[in-house]
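Let me begin by presenting the structure, written as structure tokens, before commenting on it.
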Amino acid sequence: MSWLELDATQNRPAETSPAALWQRVDIRPVDEIPGAVSRYLEELRRVYVNGDAQYARFALSGTPDFTWFATRNRWQELDFFTQLLTHPVVRAALPGVTKGMKRTHLAHFEWASSLTLDGELARLLVAGGAYQAFAGPPREAKQLGGQLCEALFGDRYLEVVVYRNYSPWSAWFQDVAWDSTHLLIDRRLQEVSLIWATDTD
């Protein structure tokens, strides 16, 4: 069962504490990095010369109670971003970025759109970092962003939920002007992809 298959006969779970709902969620890192993602990151790292850009993906499998919220896109009620990014499996897989977590900044994730994600990623390249600018025309940046989206979800725009956060939610970020995180929830595959970057002058 995917997070697209809503069971209308299931009652709202009696236990709604996010911490309790996450206790039995199985999280597994997915090591494969699509080539288009690597190419985008390579270019973003080129313009963020004093920072970095990274990608990670995780497969999630929860209980029926957890799934009740996921199939209804009620991510805030799951305390999704804090519970995911502070989960022991995620922290073990990403020790660099999850060190010095700032929980108040994890609340800054806001809804974005899979339909405009390619443009948002292109904007990061075209805006450039502290000392480097994108070398090509904007349409090439747009193409890189589009190829990344194609690699991650193809034409399944309505099956992917996107959130963004421009705050430094951990000590990994430089906390200047170039902090960004994009989080993609693939409801069909029950996977979460993260793209995060930072730079400083």
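Where in the stretch 1-82 are there helices (runs of 4 or more DSSP H), lying fully within it, with 3 or more residues that are more than 24 Å from Phe173 (Cα to Cα)?
Working: elements: 18-22, 35-47, 64-70.
Result: 18-22, 64-70.
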Collect the residues in the stretch 168-195 that are in contact (Cβ under 8 Å) with a residue 40 or more places away in the chain, in a loop (DSSP other than H, G, I, E, B) and buried (at least 18 other Cβ atoms within 10 Å of the Cβ), keeping them in residue-number order. Pro168, Trp169, Ser170, Trp172, Gln174, Trp178, Arg187, Leu189, Gln190
Pairs please, first residue from the stretch 127-156 and closer than 17 Å to Ser180 by Cβ and touching a residue at least 60 places away in the same chain (Cβ under 8 Å), second anywhere and part of a loop (DSSP other than H, G, I, E, B) and hydroxyl-bearing (Ser, Thr, Tyr), Cβ atoms under 7 Å, 6+ apart in sequence or on different chains. Gly129/Tyr48; Ala130/Thr200
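Which of the following residues is over 29 Å from Ala70 (Cβ atoms) and touching a helix residue (DSSP H, G or I) at 6+ places or on another chain (Cβ under 9 Å): Gly119, Gly128?
It is Gly128.
Any residue in the stretch 38-55 that is farther than 28 Å from Glu150 by Cβ, among the acidic types (Asp, Glu) and either at pLDDT 95 or above or surrounded by 14 or more Cβ atoms within 10 Å (Cβ to Cβ) (or both)? Don't jump to the end; show me each part of the working.
So the first thing to find is which residues in the stretch 38-55 are farther than 28 Å from Glu150 by Cβ, and the list is 50.
From what's left, among the acidic types (Asp, Glu): none.
Within the stretch 38-55, none of the residues are farther than 28 Å from Glu150 by Cβ, among the acidic types (Asp, Glu) and either at pLDDT 95 or above or surrounded by 14 or more Cβ atoms within 10 Å (Cβ to Cβ) (or both).
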I'm told Leu6 meets every condition in (1) at pLDDT 95 or above; (2) closer than 23 Å to Val160 by Cβ; (3) over 18 Å from the mean Cα position of the chain (by Cα) except one. Can you identify the failing condition by its number? (1)
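The values are calculated or read from the model by the stated rules, or taken from the named source; none is laboratory data. Computed from a predicted structure; not experimentally measured. Counting neighbours? That spans all protein chains shown, and the Cβs are built from the backbone with ideal geometry, glycine included.
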